[in-house]
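Please see the structure below; I have some questions.
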Amino acid sequence: MTAPLLEVEHLTMRFGGLVAVDDLSFTAHDLRITAIIGPNGAGKTTVFNCLTGFYRPTVGRLVFHGRFGPVLLEREDGYRIPRHGIARTFQNIRLFANMTALENLVVAQHNRLMRASGYTVLGLFGWKGYRTAEREAVDRARYWLDRMGLLARADWDAGALPYGDQRKLEIARAMCTEPRLLCLDEPAAGLNPRETAELAELLVEIRDRERIGILLIEHDMSMVMRISDHIVVLDYGRKIAEGTPERIRTDPVVIKAYLGEAEDEALPEEVAQDLARLGGGD
Amino acid sequence: MSTVATVGPRTAAGGFDLVRALKEAGLAAFVAFVLFVPLMGFQLVGQEGRLGLVYRPHWVVVGTVTVFLGHLAVSFLRAVRGPARRARGEAGPFARFFTVHARWFGVAAALVAFLLPFTPFGNRYVVDVATTVLIYVMLGWGLNIVVGLAGLLDLGYVAFYAVGAYSYALFAQWFGLGFWEALPIAGVLAALAGILLGFPVLRLRGDYLAIVTLGFGEIIRIVLLNWYDVTNGPDGISGIPRPTFFGLEFKRYSAEGTTFHQFFGIEYSSLHRVVFLYYLILILALITNWFVLRIRRLPIGRAWEALREDEIACKALGINPTNTKLTAFALGAMFGGFAGSFFATRQGFISPESFTFIESATILAIVVLGGMGSQIGVALAALVIVVLPELGREFEQFRMLLFGAAMVGIMVWRPRGLLAFREPTVRLHGRGEGEEAPR
């Protein structure tokens, strides 16, 4: 049994009359991939936004066992949360498009470099400590570029990279903050099956080599079923099931949520695909 | 955009669609005609103390025909030369070359600037104009921090210029501080003004930010205008002390101590002070340049650029957007304040009239024309914007027209500024190594 990394207790998020997340509780563990799945609009991204400080939850407690001991995320300012060891990526890629891939990764190490530069003052005069720190930052960036297979394109503008590379770069950038929990919001969206398979392999590798926990929102069921250690299923903001991939795959409530009621005649194509994968597994 | 449409698939191969070009030229001529009738068709003249109207139909005809033929010529050129290069964001080879070798151009430009007063052209007028150019270069570089790097559109930059100028003038008047003592104080006060402006606009971007900063600039000017007890209102402050060269004054005689020409045993010349002021602003500007180039490669500089690109991603990486923005405002303002102090000591007299919106607009124009974020581009743009109206002095009433035409020209041919090419702050591969990015 690995240690709990993130404990979500009774998380509720209301936007006016809309309850986006309703009394959600789950635990994400260290060294595990925890997946949050559910139909569109189930509230998955809202959960992420609460965890990373973009929304302040209406009700609930979010305990994160971070770099400096346990911390209540709902009380932290958004920009402080990454310091405790949470990094995230976005559903619609958010890179610094006019900066190079390398610069994107160096910016991710901002806080460490800021300290090393004596909050700019020492850095201005080319203090040696800062130059060492910068070299280390570039080395770390180089390591991640290498692992993502982007080394040769390090000096490209991030916006000029092909879509798949941009997704990878965003993960690399999140990893450069040296997180304990990596939150990925639909990392496989827009990738072809081969790229998705590579991504799945990469995530498992990150979990095992960097020894961190991963929280994953994903629609690609084949990937979720293959790599997740634990799955939380949301529907209309509520948790309807939780467990190992094997259990979720056969859970009648989950199947119903994806299928809809029996009288529904035609299934939307996307749901049908998800369902097929859900049944078929790997 | 309608003119771009003339380069349709049929004409792209080099053919020229005459009917279409005629139609469009006709349309343009019609619009011109409607405008020219009131603009050029009538002239008010004084006749024996009364106002009379003179009709000038020939002017309207000439203007309309010119527009018609001109439009036709443009269509023809477009058809012959093929579709215009997309003005997306690509940097031309010229801008690329210039930026890549910026160091050499910079050193050469600095050398020329240093030698200018000793060249045969270095007469009083030229050195004076060069001093003005350098003030704008420095202001442009300062504003470049806020607009070019941090991406915060600031239309009230002149406020910090004013704060710097008045700080020095008032400290000199009330406490008898000299230029060198007042300079850091002016910088600090301007930086504080920058933070003061920064707080309320933290959440604003783009147009909204521009409006608030515009208002801020006006507030400062109006305060200076109306706070008569302190600022002397529209009468301004005169008798601002001139700067000294390590305590030596630039006067023919001095009641206290020796003067510059006495100390060095040379004959008195009023040119000494002009040249000294020129070197002073040159050094201030070079310090600004050094600072901006340096800070761009520091974490704070990269954070500014990242903030310009995507604020939400910055937050997710643990960058404090509040502090980052406020530092940009404060440091940008600080250089504005230094330049303001210099302005006050150079003029010897300041009044709110020197700090109107048109100054902010000019400085912003310099930054935008130069190519946002490009140091050498800003210097070139300042040169163009200050010297062009000077060159046009002989044309008197047409010089603003010349100026406007130049602005339009730059926006047409180089919409992203004279030198819009961003050099990365850190590289992994040397130039030419690694994979080549698509252009």
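The values are calculated or read from the model by the stated rules, or taken from the named source; none is laboratory data. All values reported here derive from a predicted model rather than from experimental measurement. Heads up, the Cβs are rebuilt from the backbone with ideal geometry, glycines too, and the neighbour counts pull from every protein chain shown.
Being surrounded by fewer than 16 Cβ atoms within 10 Å (Cβ to Cβ), free of Cβ contacts under 8 Å to residues at least 12 places away in the same chain, under 22 Å from A:LEU203 (Cα atoms) and of a type outside the set (Phe, Trp, Tyr) is the filter here; which residues of region A:125-151 pass it?
A:ASP139, A:ASP146
On the given criteria, is A:GLU136 acidic (Asp, Glu), under 21 Å from B:ARG308 (Cα atoms) and either facing another protein chain (nearest Cβ under 7 Å) or in a helix (DSSP H, G or I) (or both)?
No.
Of all residues in region B:257-296, count the ones that are more than 30 Å from A:PHE90 (Cα to Cα) and within 14 Å of chain A (Cβ to nearest Cβ). First the steps, then the outcome.
Our first condition is that a residue be more than 30 Å from A:PHE90 (Cα to Cα); within region B:257-296, this holds for B:257-294.
Pick out the ones that are also within 14 Å of chain A (Cβ to nearest Cβ) and you get B:287-294.
Count: 8.
Of all residues in region A:152-164, which are without any contact (Cβ under 8 Å) to a residue 24 or more places away in the chain and either more than 8 Å from chain B (Cβ to nearest Cβ) or among the hydroxyl-bearing types (Ser, Thr, Tyr) (or both)? Spell out how you get there, then give the answer.
First pass over region A:152-164, keeping only residues without any contact (Cβ under 8 Å) to a residue 24 or more places away in the chain: A:152, A:160, A:162.
Within region A:152-164, A:PRO162 is the sole residue that qualifies.
Quickly run through region A:131-145 and pick out the residues that are more than 27 Å from A:GLU170 (Cβ to Cβ) and not polar (S, T, N, Q). Let's see the steps before the verdict.
Taking region A:131-145 first, the residues more than 27 Å from A:GLU170 (Cβ to Cβ) are A:131-132.
The one that is more than 27 Å from A:GLU170 (Cβ to Cβ) and not polar (S, T, N, Q): A:ARG131.
Something else about it: Looking at region B:195-215, can you tell me whether even one residue there is within 20 Å of B:PHE291 (Cα to Cα) and assigned by TED's automatic domain parsing to the domain that holds B:PRO241?
Kept after step one, since they are within 20 Å of B:PHE291 (Cα to Cα), are these residues of region B:195-215: B:195.
Then keep just the ones that are assigned by TED's automatic domain parsing to the domain that holds B:PRO241; that gives B:195.
Checked against the condition, which is being within 20 Å of B:PHE291 (Cα to Cα) and assigned by TED's automatic domain parsing to the domain that holds B:PRO241, region B:195-215 yields at least one hit.
Kindly evaluate A:GLU7 against the criterion of being under 22 Å from A:THR244 (Cβ atoms), at pLDDT below 90 and either within 16 Å of the chain's Cα centre (by Cα) or surrounded by fewer than 22 Cβ atoms within 10 Å (Cβ to Cβ) (or both). First the steps, then the outcome.
Working: under 22 Å from A:THR244 (Cβ atoms): yes; at pLDDT below 90: yes; either within 16 Å of the chain's Cα centre (by Cα) or surrounded by fewer than 22 Cβ atoms within 10 Å (Cβ to Cβ) (or both): yes.
For A:GLU7, the condition - under 22 Å from A:THR244 (Cβ atoms), at pLDDT below 90 and either within 16 Å of the chain's Cα centre (by Cα) or surrounded by fewer than 22 Cβ atoms within 10 Å (Cβ to Cβ) (or both) - is met.
Hand me the list of strands (runs of 3 or more DSSP E) wholly inside region A:166-263 holding 2 or more residues that are free of Cβ contacts under 8 Å to residues at least 40 places away in the same chain and either small (Gly, Ala, Ser) or surrounded by fewer than 19 Cβ atoms within 10 Å (Cβ to Cβ) (or both). Give the derivation first.
Numbers: elements: A:181-185, A:213-217, A:230-235, A:238-243.
Hits in region A:166-263: A:238-243.
A follow-up question, please. Using the structure shown, decide if B:PHE246 is modelled with pLDDT under 90, of a type outside the set (S, T, N, Q) and either outside the structural domain of B:PHE338 (by TED's automatic domain parsing) or at positive phi (or both). Working first, answer last.
On the way: modelled with pLDDT under 90: yes; of a type outside the set (S, T, N, Q): yes; either outside the structural domain of B:PHE338 (by TED's automatic domain parsing) or at positive phi (or both): yes.
Here the answer is yes, as B:PHE246 does meet what is asked.
Only residues that are over 15 Å from A:ILE240 (Cα atoms) and out of contact with any helix residue (DSSP H, G or I) (no Cβ under 9 Å at 6 or more places or on another chain): list them for region A:13-22, please.
First, the residues of region A:13-22 that are over 15 Å from A:ILE240 (Cα atoms): A:13-19.
Of everything in region A:13-22, those that are over 15 Å from A:ILE240 (Cα atoms) and out of contact with any helix residue (DSSP H, G or I) (no Cβ under 9 Å at 6 or more places or on another chain) turn out to be A:ARG14, A:GLY16, A:GLY17, A:LEU18, A:VAL19.
Residues of region B:413-432 being surrounded by fewer than 16 Cβ atoms within 10 Å (Cβ to Cβ) and either part of a loop (DSSP other than H, G, I, E, B) or facing chain A (nearest Cβ under 7 Å) (or both), which ones? Can you show your working first?
Here is the first cut: in region B:413-432, the residues surrounded by fewer than 16 Cβ atoms within 10 Å (Cβ to Cβ) are B:413, B:415, B:423, B:429-432.
Matches in region B:413-432: B:PRO415, B:GLU423, B:HIS429, B:GLY430, B:ARG431, B:GLY432.
Next question, about the same structure. Identify, by number, the condition in (1) under 18 Å from the mean Cα position of the chain (by Cα); (2) farther than 21 Å from A:MET225 by Cα; (3) buried (at least 18 other Cβ atoms within 10 Å of the Cβ) that A:MET13 doesn't meet.
Condition not satisfied by A:MET13: (1).
For region A:142-151, what are the residues that are within 8 Å of another protein chain (Cβ to nearest Cβ) and at pLDDT 90 or above?
So the first thing to find is which residues in region A:142-151 are within 8 Å of another protein chain (Cβ to nearest Cβ), and the list is A:142, A:145, A:151.
Within region A:142-151, A:ARG142, A:LEU145 meet the criteria.
Residues checked against (1) of a type in the set (S, T, N, Q); (2) modelled with pLDDT under 85; (3) farther than 25 Å from B:GLY194 by Cα; (4) not assigned by TED's automatic domain parsing to the domain that holds B:VAL274:
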{"position": "B:ALA333", "(1), (2), (3), (4)": "no, no, no, no"}
{"position": "B:ILE350", "(1), (2), (3), (4)": "no, no, no, no"}
{"position": "B:GLY370", "(1), (2), (3), (4)": "no, yes, no, no"}
{"position": "B:LEU388", "(1), (2), (3), (4)": "no, yes, yes, no"}
{"position": "B:GLU394", "(1), (2), (3), (4)": "no, yes, yes, no"}
{"position": "B:MET400", "(1), (2), (3), (4)": "no, yes, yes, no"}
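On to the next question. Which residue is surrounded by the fewest Cβ atoms within 10 Å (Cβ to Cβ), if the candidates are limited to region B:14-48 and must be in a helix (DSSP H, G or I) and among the charged types (D, E, K, R)?
First, pick out the residues of region B:14-48 that are in a helix (DSSP H, G or I): B:18-40.
Filter once more, so that each one left must be among the charged types (D, E, K, R): B:20, B:23-24.
Details: B:ARG20: 16, B:LYS23: 12, B:GLU24: 19.
The residue in question is B:LYS23.
Considering only helices (runs of 4 or more DSSP H) fully contained in region B:297-347, which possess at least 2 residues that are under 28 Å from B:GLU359 (Cα atoms) and within 14 Å of another protein chain (Cβ to nearest Cβ)?
Result: B:299-309, B:321-347.
Take the residues of region A:165-178 that are out of contact with any Cys (no Cβ under 9 Å at 6 or more places or on another chain) and at the interface with another protein chain (Cβ under 10 Å from one of its Cβ atoms): which is nearest to A:LEU95 (Cα to Cα)? Lay out the reasoning, then the answer.
Keep residues of region A:165-178 that are out of contact with any Cys (no Cβ under 9 Å at 6 or more places or on another chain), which gives A:165-173, A:175-178.
Imposing the further condition that a residue be at the interface with another protein chain (Cβ under 10 Å from one of its Cβ atoms) reduces the set to A:170, A:173, A:176-177.
Numbers: A:GLU170: 7, A:ARG173: 9, A:CYS176: 14, A:THR177: 15 Å.
The qualifying residue nearest to A:LEU95 (Cα to Cα) is A:GLU170.
Shifting gears a bit: Please pick out the residue among B:GLY52, B:GLY63 that is exposed (fewer than 11 other Cβ atoms within 10 Å of the Cβ) and at pLDDT 65 or above. Before the answer, list the steps.
Details: B:GLY63 fails: exposed (fewer than 11 other Cβ atoms within 10 Å of the Cβ).
Just a single option satisfies the conditions, and that option is B:GLY52.
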